[in-house]
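Report on the structure given below.
The values are calculated or read from the model by the stated rules, or taken from the named source; none is laboratory data. The structure presented is a predicted model; accordingly, all values stated were derived computationally and were not measured. Here Cβ is always computed from backbone atoms with ideal geometry, including for glycine, and neighbour counts include all displayed protein chains. All accessible areas refer to the heavy atoms of the entire protein, side chains included, with ligands and DNA or RNA removed. Shrake-Rupley method; radii C 1.70, N 1.55, O 1.52, S 1.80 Å.
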Amino acid sequence: MTAALIWVLLTVVAEFALLSLNLFGDAATKQGQFIDDAFILLMALAIPVFTFVVTMIGYVVIKFRADGDELEDAAPVRTHKKWVGSWLIWTTLLTIVVIIYPGYVGVQELRETHEEEADLTVNVTGRRWQWSYEYEGRAVSLFAKDDMLILPNDSLIRFYVTSEDQDVIHSFWIPAFRMKIDAVPGLTTKFDVNTTKIGNFNDDVNFRVQCAELCGRDHSLMFTRVKVVEPAEFEQWIADQAA
Amino acid sequence: MTIHVPNVNHRFDPLTINRLGLWLFLVSDASFFIALLSSRVFVSGTSTPDEINQVLGLSLTVLLLLSSLTAYRAEVAAENNDMSHMKNMLLATMGMGILFVFGVGYEWYEALQHFPPSTGFGTVLFTLTGVHVTHVATGILTLGFVYFRVRKIETIGDNLFAVEGAVKWWHFVDVAWVFIYPTLYLLK
Amino acid sequence: MPLVRGVIYAAIGFAIGGSISLGITNMTGEDYKEPMIVLGYVFAIIGWLMGVGMWKIWGREWFGKSTVNDPTGGWERYLKFNTDHKVIGIQYLATLAVVFLLAGLLAMGLRAELADSGQNVFTKNTYNTTMSLHGIMMIAVAVAAVMGGFSNYVLPLIIGAEDVAFPRINALSFWVVPPVVVLLLLTPLFGGFDFGWTAYPPLATQAPIGGLLFELAFLTFGISSILGGLNFIATIITQRAPGMTWGRMPIFAWSVLAASIISLTATQWVAYGMLMIIFERVFNMVFFSPPGGNALLYEHIFWFYSHPAVYIMILPAFGAELEIISHFARKPIFAYRWVVRAFAAIVALSFVVWAHHLFTSGMGEELAVPFMVLTELISIPTGIIFLSALGTVWRSKLRLKVPLLFALAVVFNFAIGGLTGIFLADVATDIALQDTYFVVAHFHYTIMGGEMFAIFAAGYYWFPKITGRMYNETLGRIHFALMFILYNITFLVMFIPGTVGMNRRVAEYPPEFEAMNLIVSIAAFGLGLSFLPWIYNMLNSWIRGPKAPDNPWGAKTLEWQTSSPPPLENFKVMPTVTGDPYGYGDESVVHARFGKSSPSSQAAPAEGD
Amino acid sequence: MHRTLQQSLKLGWVVIGLLAIMTVAEFIVAISFEDTVMLFTLLLIVGLAKAWLIIQYFMHFGQLWGHIADVWRGTLKDDPVADREED
């Protein structure tokens, strides 16, 4: 009984702590928001399980401790049908909840833009240790390391990602967007994001393209700064570049 | 001087334990061949180039299947203590095995011209046949050791598992080829 | 001097293999280096094995000659090809303890580099090599310490056998491990390897010669793992003491059986993965490069082994943990049969979940949901193991000795490790977390927090049996407290950089993440120092600790019913098993009888005759 | 399943005959079918059948199976003490 009480108490405290904390800042895309929500939900589900384990261990160590040199046996309870049964049911239920939402639903949410026409398509190519970008239909490409990847806000942006043929696997990751896809030689992968937030590498370090798959010597330096701007500003920038 | 080596086996005789061990190893090796076969589709799809020598592939298959029969007869003879038949059959098996190795050598010679290892299909062909022919070579070597051991004795006695094991290994190599052959030659 | 002979034979072997290869490359005009190393190594390892004693004990038999086997002797019996499973167990444990400490030192080097965001301790290449070496050496320890070390020592004892089913194969599986260690330690001299322990091509196929040594080492280690698994399966099936039915088998034996099944079959896949890289390097094949090849092939093949491999690591750890908990709680294992079923379920599921490592790899999108579902299902059998651990300690008479403290820490740590695993099995959250420090913290919680703590629990638990002496309880508690607290600080904090956007395997990172990394580094250094009391305790107690009684814990399993350390044949009188090993608080359950009482009078089922 | 020498040798011929027939069948299948999936399935079936013949009759898998079956029964048959577990 005491143990159950401690468990409930711990769980409530931990859940409140979780909800009041801002774990990772706001995501800058719609998809990123789904992912963050999924993360929070999984945390909320995991906390009671974890507090249960902690409570049990703590309680047992204090309550059922038997010191002294004499060996004393406990009552031989080998199993308990109801406990095993309800444990199985509860873990299965939890698993099913996790599988359906955020698992299945989350995947559907991430894929819901697949059929739509993208506002902007960017072809990304990785090579050691640099990214290059080509705005499809805009006659602008970025290559140099100091360039900034400029993207419009409030748009559906589709990235086609690949790596050069004789190169190695990279991974295209923008932490602020929560999106990541590998750049594999000979294979084109794609990823959609709906940008929702204006931001800049100089203000938030997560506005950067970072290689996330170990690719050799300068792996940690293989990044590009990202700037998300208003669509009008973006078009202006494109026009300036083309000129 | 042999000091007491724990010899356990309360209820299982050594022959059964050895058999079990060999079977477990074959299971493990089969897992390796499954990995090999599964990589074929990744590297060169399901297409088979026209230049591949179908006659050679079929002859190799027939050769290996026939050698399985002689290996089988060697084992049956060993169980029935028919030493001379066993020895003949072991020799025949080894002979066909060596012929098979030469066949694969010729296959490689042709393959080097049409699909060298630097092409997708060449990669698959050389890897599959290479790993397989290594197994064949081990089989020939094992049969050779067994032949060397049994060539002078009158009854099979404790050497039964040596014959049986070598023959089982040979059959296993054959089973592997049963799957490698269609994978390399017959897929479209 | 078997070791010296082994080295000399290995050198001769390398010379022979290398010259053959040189002859061939001379004719074809290819580059001579890599073929020479591969062929030379193959011959060298045969020479090494023959040199350390395999020729005398085994090789002569192939040529119809008589063999000599003498597993007895003083300390020098540990330095040769020895078929006694207890000797092999100690050989494994000693070797892996050294590897563990070396890899731990490497980790401290890494944390020194990561304490601030710039590049100061290592150059970029040496950082990558250090990180990769730390990874592969720890993986080797994790795979072999329980499966090679404790299983070898304890398994035959715990099931009442005199030895494993194939003692010579057992010795072989140990003696290929030293070359693995030597090869890995040599890699920095050959340009190192910068691709992590996962060795993804094409990076791995383009790495310097050090990469080739890594692949050969991994391949060799795989052979050891396969032969070990084969041996344990055969041992458990054929060598159990009379009367030891499956229902009476200690849970540790069950867990070893489960892990052995994985190690027998899945390890072949990583062997093939390594072979593909070697082939691509030596024969210029195109498994992975674009015209023809496909880089994802390796990822599939590799994770088909490497995901089940974590169950090779963790299942025996669970077995040891439950075993220890039951004996120190003095209560039967709760829901024993359900635990066995859970092991079976984990083994079955472990083969069909590998692609959750590939959610962001660009594999077919339709694969994501099935693999996510299958992966999440593993949490159900894992939950059973938690239920069993918690159910066993509930209303028990807990004796808080060091082994139990570590075993309870496993429950705590693995709760965190397992729950964070759900985030990584979920496609959506995995897209954000893949390849970040979240993953690093997660697998350190499962493997170090789960398995390593269980290894230390097992180490303290079986120390009296192995050495015949008692360790120092106070030092053990100090070690536990330091390790548990510092470990949790290190890796709990490490989750944070992962969630806020720091990727793994980098030497430099944005300065914004500096504060949390500094905390991790400081705690990690403390964690490293926490092993000092352990080292001192183990060495000192082994040399001059008080003599241990045969059964210091009052445990009922068979290994405690013989002398400490056990004689060569394990039991002076072979046991007959008459009941299950967890009969605490129940007078009617007697696990085993020794001596004249014949099996029939105990109504032991005569099974498997 | 104990056979005399003659029976065993005869069995060998029967098995090799079946294997030959299947190899021919395999070859004909490969020539006549164009569809990849269909061809793959048929080849797999023939391959499994051939493998089964070899494993069963040449490698005597049944011989081992006797022992495995014993072991398997052992998992089902428990001692009365463990049976007290409410399962």
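Within the stretch C:20-62, the residues that satisfy the criterion of being part of a helix (DSSP H, G or I), more than 24 Å from B:Phe145 (Cα to Cα) and open to solvent by 70 Å² or more (accessible area, probe 1.4 Å) are C:Leu22, C:Ile24, C:Asn26, C:Met27, C:Thr28, C:Lys33. Scanning the stretch A:175-222 for residues that are open to solvent by 30 Å² or more (accessible area, probe 1.4 Å) and within 20 Å of C:Val440 (Cβ to Cβ) turns up just one, A:Leu221. Filtering the stretch C:431-452 to residues that are crowded, with 24+ Cβ neighbours inside 10 Å, in contact with a Leu (Cβ under 9 Å, 6 or more places away or on another chain) and either over 30 Å from C:Ala507 (Cβ atoms) or of a type in the set (A, V, I, L, M, F, W, C) (or both) leaves C:Ile431, C:Leu433, C:Phe438, C:Ala441. When C:Lys65 is tested against (1) charged (D, E, K, R); (2) in a helix (DSSP H, G or I); (3) farther than 22 Å from C:Val141 by Cβ; (4) within 13 Å of chain B (Cβ to nearest Cβ), exactly one condition is not met: (2). In the stretch C:356-366, the count of residues that are farther than 30 Å from C:Ala428 by Cβ, in a helix (DSSP H, G or I), touching a helix residue (DSSP H, G or I) at 6+ places or on another chain (Cβ under 9 Å) and more than 7 Å from chain A (Cβ to nearest Cβ) is zero. Restricting the stretch C:323-351 to residues that are under 21 Å from the mean Cα position of the chain (by Cα) and open to solvent by 20 Å² or more (accessible area, probe 1.4 Å) leaves a set whose member that is farthest from the other protein chains (Cβ to nearest Cβ) is C:Ala348. Filtering the stretch A:113-122 for residues that are in contact (Cβ under 8 Å) with a residue 40 or more places away in the chain and touching a His at 6+ places or on another chain (Cβ under 6 Å) leaves an empty set. Restricting attention to the stretch B:104-126, the residues being in a helix (DSSP H, G or I) and surrounded by fewer than 20 Cβ atoms within 10 Å (Cβ to Cβ) number 9. Does C:Leu230 fit the bill of being open to solvent by less than 10 Å² (accessible area, probe 1.4 Å), without any contact (Cβ under 8 Å) to a residue 40 or more places away in the chain, assigned by TED's automatic domain parsing to the domain that holds C:Ala161 and within 15 Å of C:Gly148 (Cβ to Cβ)? Against the criterion (open to solvent by less than 10 Å² (accessible area, probe 1.4 Å), without any contact (Cβ under 8 Å) to a residue 40 or more places away in the chain, assigned by TED's automatic domain parsing to the domain that holds C:Ala161 and within 15 Å of C:Gly148 (Cβ to Cβ)), C:Leu230 does not qualify. Regarding the stretch C:373-395, can at least one residue be identified that is surrounded by fewer than 23 Cβ atoms within 10 Å (Cβ to Cβ), at the interface with chain A (Cβ under 7 Å from one of its Cβ atoms) and within 30 Å of C:Phe531 (Cα to Cα)? Taking every residue of the stretch C:373-395 in turn, at least one turns out to be surrounded by fewer than 23 Cβ atoms within 10 Å (Cβ to Cβ), at the interface with chain A (Cβ under 7 Å from one of its Cβ atoms) and within 30 Å of C:Phe531 (Cα to Cα).
Of the residues making up the stretch C:399-447, those that are among the charged types (D, E, K, R) and out of contact with any Pro (no Cβ under 9 Å at 6 or more places or on another chain) are C:Arg399, C:Lys401, C:Asp430, C:Asp435. Scanning the stretch D:5-62 for residues being open to solvent by less than 40 Å² (accessible area, probe 1.4 Å), over 22 Å from B:Leu58 (Cβ atoms), at the interface with chain B (Cβ under 8 Å from one of its Cβ atoms) and assigned to a helix (DSSP H, G or I) gives a total of 2. When you go through C:Thr220, C:Thr235 one by one, which is the residue that is assigned to a helix (DSSP H, G or I), modelled with pLDDT of 90 or more and within 14 Å of chain B (Cβ to nearest Cβ)? Result of the check over C:Thr220, C:Thr235: C:Thr235. The residue of the stretch A:160-173 that is most open to solvent (accessible area, probe 1.4 Å), among those that are facing chain C (nearest Cβ under 8 Å) and closer than 12 Å to C:Pro290 by Cα, is A:Gln166. Mind checking which residues of the stretch C:537-577 are of a type outside the set (A, V, I, L, M), open to solvent by less than 20 Å² (accessible area, probe 1.4 Å), in a loop (DSSP other than H, G, I, E, B) and within 16 Å of C:Met249 (Cβ to Cβ)? Listed by number, the list holds a single entry, C:Thr557.
I need the full set of residues from the stretch C:287-301 which are of a type in the set (A, V, I, L, M, F, W, C) and surrounded by fewer than 24 Cβ atoms within 10 Å (Cβ to Cβ), in order please. Of everything in the stretch C:287-301, those that are of a type in the set (A, V, I, L, M, F, W, C) and surrounded by fewer than 24 Cβ atoms within 10 Å (Cβ to Cβ) turn out to be C:Leu296, C:Leu297. Among the residues of the stretch A:174-227, those that are of a type in the set (Gly, Ala, Ser) and either within 30 Å of B:Val43 (Cβ to Cβ) or more than 11 Å from chain C (Cβ to nearest Cβ) (or both) comprise A:Ala183, A:Gly186, A:Gly199, A:Ala212, A:Gly216.
Restricting to the stretch B:79-111, name every residue that is within 14 Å of chain C (Cβ to nearest Cβ) and in contact with a Phe, Trp or Tyr (Cβ under 9 Å, 6 or more places away or on another chain). Those that are within 14 Å of chain C (Cβ to nearest Cβ) and in contact with a Phe, Trp or Tyr (Cβ under 9 Å, 6 or more places away or on another chain): B:Trp108, B:Ala111.
The set of residues in the stretch A:135-152 being crowded, with 20+ Cβ neighbours inside 10 Å and in a loop (DSSP other than H, G, I, E, B) is empty. Among residues of the stretch B:67-78 being at the interface with chain D (Cβ under 7 Å from one of its Cβ atoms) and without any contact (Cβ under 8 Å) to a residue 40 or more places away in the chain, the one that is farthest from B:Asn159 (Cα to Cα) is B:Leu69.
Against the test of being in a helix (DSSP H, G or I) and under 20 Å from C:Trp58 (Cβ atoms), the options B:Ala162, B:Ala176, B:Ala137 yield a single qualifying residue, B:Ala162. Kindly indicate the residue of the stretch C:238-288 that is of a type in the set (A, V, I, L, M, F, W, C) and assigned to a loop (DSSP other than H, G, I, E, B) and also modelled with the lowest pLDDT among those meeting that condition. So, considering only residues that are of a type in the set (A, V, I, L, M, F, W, C) and assigned to a loop (DSSP other than H, G, I, E, B), the one modelled with the lowest pLDDT is C:Met244.
Exactly one residue out of A:Ile89, A:Ile100 is of a type in the set (A, V, I, L, M) and either more than 10 Å from chain C (Cβ to nearest Cβ) or closer than 18 Å to A:Asp192 by Cβ (or both), and it is A:Ile89. Across the stretch C:140-174, the qualifying residues are those that are within 16 Å of C:Tyr78 (Cα to Cα) and within 13 Å of chain B (Cβ to nearest Cβ), and the one among them that is most open to solvent (accessible area, probe 1.4 Å) is C:Arg168. The lone criterion from (1) under 21 Å from C:Phe386 (Cβ atoms); (2) crowded, with 24+ Cβ neighbours inside 10 Å; (3) touching a Phe, Trp or Tyr at 6+ places or on another chain (Cβ under 8 Å) left unmet by C:Met276 is number (1).
Could you check the stretch B:140-159 and list, in sequence order, the residues that are within 12 Å of another protein chain (Cβ to nearest Cβ), part of a loop (DSSP other than H, G, I, E, B) and of a type in the set (A, V, I, L, M, F, W, C)?
Selection gives B:Ile153 alone.
Being at pLDDT 90 or above, in the same structural domain as C:Thr238 (by TED's automatic domain parsing) and out of contact with any helix residue (DSSP H, G or I) (no Cβ under 7 Å at 6 or more places or on another chain), is that true of even one residue in the stretch C:135-152? Taking every residue of the stretch C:135-152 in turn, at least one turns out to be at pLDDT 90 or above, in the same structural domain as C:Thr238 (by TED's automatic domain parsing) and out of contact with any helix residue (DSSP H, G or I) (no Cβ under 7 Å at 6 or more places or on another chain).
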